[in-house]
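S.K.: This structure is in structure tokens; I'll ask about it shortly.
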Amino acid sequence: MFWGAFFLQFLLASWTAHADTYTRPDHIQDAAMCRWLAHVVDYGTLATLKDGKPYGGIASYSDGAFDNPTGRLFFYFTPMGELPKNAAVDPQTSLTVTEAQLPDACPEPEEPTCAKVTFMGKFKKVENAEDQELARISMFKRHPMMASWSAISDHEFTLYELQIEEIHLLDYFGGAKQVRPADYFEVQLDTQTGDAPSPSAPQGTGNGNSITMGGIWVGAMAGSACGVSIVALCTLGYIMYIQRDKPYTLASCELK
């Protein structure tokens, strides 16, 4: 039973390892909360304008490799997509991400203490060679499948960046707060060590302990099931042993 619990807990811990690498900031640390969300989440809702009307879609992004959060928001799109098409006409774009996208983070996404942030700015192709290298590493480290998309020659997948001009954060009661981009980029994310609380635990909601306890419970159940199976096999073996000299029919398996 112990090893079943241990194995299940190991799998669940690996699943949330990245979010747990960085400590969730307190709700009064506005700029740090925005940087944390930008890094631990890797997709969101990208909103553009199409003929003057809002048009949104789900977009994968990256602000850097797991161990290198930069705060810059990179994307990898084919120009054939509606979102980059719209941005080519009007580059004013926003990206919204929420803590609810993390495992076991929020019981209700609209709950004010479930942090969510909207980045606003211009959506542009990455032109500079140095920035292209950073964007490529950032995207392919977080979204490895994308590395093969460049082979689709007729789609011409391209690196983009949302050049941040405004940041709006809601992570507590009292309404959204505006965060200066300069303050956002100055933040250094804290690495979690020891027994620091899980970053996926907003104030007033559950935290990673439910994942831990869930893993232990499921593992225990799996271990118990294994134990029952072993007992059943041993019992069957014993019965076969004591009946070894008695003939039986294969059709009915009844002893004669």
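All of the numbers you see were taken from the coordinates with simple rules; none came from a lab. As the structure is a computational prediction, the values presented were derived from the model and not from experiment. Reconstructed Cβ throughout: ideal geometry from the backbone, glycine too, with neighbour counts over all protein chains shown.
S.K.: Place a label point 7 angstrom from the Cα of Met80 along the Cα-to-Cβ direction, then list the residues of region 124-145 whose backbone nitrogen is under 19 Å away.
M.R.: From region 124-145, the list is 145.
S.K.: Along Cα→Cβ, 7 Å out, is where each label goes; now give me the distance between the ones at His155 and Lys141 in nm to one decimal.
M.R.: Simple spin-label model gives 2.4 nm for this pair.
S.K.: In sequence order, what are the phi-derived ³J(HN,Hα) couplings for region 56-63 according to the Karplus relation 6.51 cos²θ - 1.76 cosθ + 1.60 with θ = phi - 60°, rounded to whole Hz, with x for glycine and proline?
M.R.: x, x, 7, 9, 7, 8, 8, 9
S.K.: Considering amide H positions built from the backbone, and no H for Pro or chain starts, which residues 5 or more places from Lys50, or on another chain, come under 5 Å of its amide H?
M.R.: It is Tyr55, by chain and number.
S.K.: Could you order the peptides 151-161, 167-177 from most to least packed, using the average number of other C-beta atoms within 10 Å per residue?
M.R.: 167-177, 151-161
S.K.: Based only on other Cβ atoms within 10 Å, what is the fewest-to-most ordering of Arg35, Arg142, Arg180, Arg136?
M.R.: Arg180, Arg136, Arg142, Arg35
S.K.: Something else about it: Output the direction-averaged projected area (hull surface divided by four) of the convex hull of the alpha-carbon atoms of region 21-199, in nm².
M.R.: For region 21-199, averaging the hull's shadow over all directions gives 11.0 nm².
S.K.: Using +1 at the C-beta of Lys and Arg and -1 at the C-beta of Asp and Glu, which of Asn86, Ile58, Gly71 has the Cα lying farthest in the positive direction of the dipole of region 48-96?
M.R.: Farthest towards the positive pole: Asn86.
S.K.: Starting at the first residue of region 118-131, write each ³J(HN,Hα) from the Karplus equation 6.51 cos²θ - 1.76 cosθ + 1.60 with θ = phi - 60°, in whole Hz, x for Gly and Pro.
M.R.: 10, 9, 10, x, 9, 9, 10, 5, 7, 9, 5, 4, 5, 5
S.K.: Collect residues whose amide H, placed 1.01 Å from N in the peptide plane, falls under 5 Å from the amide H of Val41; neighbours closer than 5 in sequence don't count.
M.R.: The list, which skips near neighbours in sequence, is empty: none.
S.K.: Short version: ³J(HN,Hα) in whole Hz for each residue of region 160-166, in order, from phi by Karplus 6.51 cos²θ - 1.76 cosθ + 1.60 (θ = phi - 60°), x for Gly and Pro, what are they?
M.R.: Rounded to whole hertz, the list is 10, 9, 8, 7, 5, 10, 9.
S.K.: Which three lengths, in whole Å and largest first, does region 43-106 cover when its Cα atoms are put on their principal axes?
M.R.: 37, 26, 18
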